[in-house]
Amino acid sequence: MKKWIFLIPIILIITLISCSQGPSPEQVKKWIKVVDIKTQWVQKYGPQVRPWEVVYVPSIRFRLKNTGSQPVRILYFNAEFKLVNEEKALGYDYKAFPQREAIKPGEKSKEIFLRSPYGFRASSKESFKSNPYWKQAEVRIIAGIPGGRLVDLGTFPIEKKLED
């Protein structure tokens, strides 16, 4: 009987840890909706871009809305950009969630912006529009939640539109 007394605190600690992790990935997927989505191709700047060319990469802007009954804490996002019907990814973006506090029921998050590090090159914005390699792209968003768990928030098409 005395041996069981030592197991009670261990069981209690394990139960408290698992309960304090928050909602499960399945609950998060039901409660978190990707809203206010804007996808487009944005111009890339930096030392990798030659002065005589433009580079456009796929991007997504969105917010998360909590439609559930509990606050949901998101730690980070991983975006996989790829061309439709292609196996290989065009590029990945990893970003920490821009707010520290959990998303409360009924509320929306701050805007999240993710973009691929790779895209397509052309001599100008006008020539990019007629680039035969510019194909339909999509992005898959994965959210990291406490406990090292991942939630697939969905795959979204990238509009074949250049930023204004």
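Figures for the structure shown
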item: MRE, 222 nm, helices only [DSSP H, n ≥ 4, -39500 (n - 2.57), over the chain, to nearest 500]; result: -5500 deg cm²/dmol
item: Label-reachable residues, the stretch 26-66, where backbone N falls under 17 Å from a point 7 Å from residue 130's Cα toward its Cβ; result: 54
item: Label-point separation, residue 24 to residue 94 (7 Å along Cα→Cβ), nm; result: 2.8
item: Along the chain, longest interval not containing exposed chymotrypsin sites (Phe, Trp or Tyr not before Pro), exposed being DSSP loop plus at most 16 other Cβ atoms within 10 Å; result: 53-117
item: Extended-chain gain in nm, criterion 0.36 nm per residue less alpha-carbon gap, residue 111 and residue 164; result: 17.2 nm
item: Principal-axis tilt of helix 2-20 within the chain, Cα atoms, nearest 10 degrees; result: 30
item: Where N is the number of residues in the stretch 22-158, Cα Rg divided by 2.2 N^0.38 Å; result: 1.17
item: Calculated from backbone phi, Karplus (6.51, -1.76, 1.60) coupling profile of the stretch 60-75 in Hz, x at Gly/Pro; result: 9, 10, 6, 10, 10, 10, 8, 9, x, 10, 10, x, 10, 9, 10, 9
item: Candidates per GluC sites (Glu not before Pro) in the stretch 82-164, loop by DSSP, up to 12 other Cβ within 10 Å; result: 86, 87, 101, 111, 163
item: Residue-by-residue Karplus 3J(HN,Hα) for the stretch 101-116, coefficients 6.51, -1.76, 1.60, Hz, glycine and proline x; result: 7, 5, 7, 6, x, x, 9, 10, 7, 5, 5, 10, 10, 10, 8, 6
item: Inter-probe distance in nm under a simple model that places probes 7 Å from Cα toward Cβ, at residue 84 and residue 37; result: 1.3
item: Additional length obtainable on full extension of the chain from residue 50 to residue 156, 0.36 nm per residue less Cα span; result: 35.1 nm
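Quick note: the coordinates plus some simple rules give every number you see, no bench work behind them. Remember, it's a predicted structure, so these values are computed and weren't measured experimentally. Neighbour counts are summed over all protein chains in view; Cβ atoms, including those assigned to glycine, are modelled from backbone coordinates with ideal geometry.
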